[in-house]
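Have a look at the structure below, then the notes.
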Amino acid sequence: MMNKDIAEGKWTKFKGQLRENWGKLTDDEIEETKGNAQQLAGLLQERYGLAKDEAEREVEALSK
């Protein structure tokens, strides 16, 4: 499981990846999470209907 928060240095790159892969997420929603993996997974569940474990795997995969 990834750390709760994504390192500041990776945040800009990570936001770009989120926008590319998950276009239904708004910039404001992404910013509100401030890299919190649980909040990001929750957004993926809400917008894309993913199961909790699947959403968490997607966030973890992007953060590597």
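Looking only at region 32-41, residues that are at negative phi and at pLDDT below 90 come to 3 in all. Taken over region 6-25, the criterion of being touching an Asp or Glu at 6+ places or on another chain (Cβ under 9 Å) and either at pLDDT below 90 or more than 19 Å from LYS52 (Cα to Cα) (or both) is satisfied by LYS15, ARG19.
The values are calculated or read from the model by the stated rules, or taken from the named source; none is laboratory data. Here the structure is a predicted model, which is why all the values come from computation and not from measurement. Using ideal geometry, Cβ is built from the backbone for each residue, glycine included, and neighbour counts are taken over all protein chains shown.
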